[in-house]
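Undergrad: Have a look at the structure that comes next, please.
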Amino acid sequence: MGGVGTEALGEGLFDRVSRAEGNVMSVFRQVCPFHADEDIRGVLTGSEDGSVSFTCTRSRGHPNGGPHAWLYVPQPDGLPGIDGYAAELGLATELPVAIAQYRRQWIEYGVAERAYALQCPADFAAIVIRYGHTAVSPKQYTTSAFLAGALGVLSKHGTVLYHVGPATGRWKYNGTISWWTVAPAPDWESNRLSWSDSGQDMSYVPGAADQ
Ligand SMILES: [Zn+2]
């Protein structure tokens, strides 16, 4: 769990996504957080969760140098308390720390989710109880959509770095999926760890059926 300052930051980040929900256009157009005059058109990632990828192609002014990419995962209406819950879990701190365990590699979403689950097992179990997981039973809005949504908010601000890429193994049904790292960004072509290459299974999900 982060300290008071960190949680206040998380709250602010998640509030911004929440406000965007009221405006359908904002799902497909978002302003680069580092260039207020740069209105970026989103591209559907092809992932099952309807996530949208944004890239500001300017080469200057981003925290990591080069273009800045971020992910937006739509959050369904009528799910109260997501903003507060994500902040309560300290995700603005915990997710970057989990991903940083794989420093100098881009990791497929499932690798990041497992790293977070092992780092914060009680919190992860509580999220699975709240939202379910496709490893337990098919469901529209899941733990993975919740965590990917939180990662998306963090990626917009550069706390974690995002790249769209292939989904492998158990996640393959998504087609494409988000990949994650922390700054400085490793080379995308040569430094990747996919879910299938990680050799892990779904046993980190409480109640998972397809271990
Ligand atoms: Zn920009």
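The values are calculated or read from the model by the stated rules, or taken from the named source; none is laboratory data. Keep in mind the model is a prediction, meaning the values are calculated, not measured. Cβ placement follows ideal geometry from the backbone for every residue including glycine, while neighbour counts extend to all protein chains displayed.
Undergrad: Any idea which of (1) at pLDDT 55 or above; (2) loosely packed, with under 12 Cβ neighbours inside 10 Å is the one GLN30 doesn't satisfy?
TA: (2)
Undergrad: Filter segment 68-88 for residues that are at pLDDT below 95 and either out of contact with any helix residue (DSSP H, G or I) (no Cβ under 9 Å at 6 or more places or on another chain) or of a type in the set (A, V, I, L, M, F, W, C) (or both) and give the result.
TA: VAL73, ASP77, GLY78, LEU79, PRO80, ILE82, ALA86, ALA87 - these are the residues of segment 68-88 that are at pLDDT below 95 and either out of contact with any helix residue (DSSP H, G or I) (no Cβ under 9 Å at 6 or more places or on another chain) or of a type in the set (A, V, I, L, M, F, W, C) (or both).
Quick grid of which residues meet (1) within 14 Å of SER155 (Cα to Cα); (2) free of Cβ contacts under 8 Å to residues at least 40 places away in the same chain; (3) β-branched (Val, Ile, Thr):
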| position | (1), (2), (3) |
| --- | --- |
| TRP70 | yes, no, no |
| TYR85 | no, no, no |
| ALA92 | yes, no, no |
| ARG103 | no, no, no |
| TRP106 | yes, no, no |
| VAL128 | no, no, yes |
| GLY132 | no, yes, no |
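Undergrad: Mind checking which residues of segment 108-166 are more than 30 Å from HIS62 (Cβ to Cβ) and either in contact with a strand residue (DSSP E or B) (Cβ under 9 Å, 6 or more places away or on another chain) or not in a helix (DSSP H, G or I) (or both)?
TA: If the condition is that a residue be more than 30 Å from HIS62 (Cβ to Cβ) and either in contact with a strand residue (DSSP E or B) (Cβ under 9 Å, 6 or more places away or on another chain) or not in a helix (DSSP H, G or I) (or both), then GLY132, HIS133, THR134, ALA135, VAL136, SER137, PRO138, LYS139, GLN140, TYR141, THR142 are the ones that fit.
Undergrad: Shifting gears a bit: Residue check, LYS172 against (1) without any contact (Cβ under 8 Å) to a residue 24 or more places away in the chain; (2) in a loop (DSSP other than H, G, I, E, B), all met but one. Which one?
TA: Among (1) without any contact (Cβ under 8 Å) to a residue 24 or more places away in the chain; (2) in a loop (DSSP other than H, G, I, E, B), LYS172 violates only (2).
Undergrad: Within the set of pairs 6+ apart or on separate chains, which have a first residue in segment 33-59 that is more than 10 Å from the ligand (Cβ to nearest atom), a second that is charged (D, E, K, R) and modelled with pLDDT under 95, and C-beta atoms under 9 Å apart?
TA: Pairs that qualify, where the first residue is more than 10 Å from the ligand (Cβ to nearest atom) and the partner is charged (D, E, K, R) and modelled with pLDDT under 95, are ASP39/ARG29; ARG41/ARG29; GLY42/ARG29.
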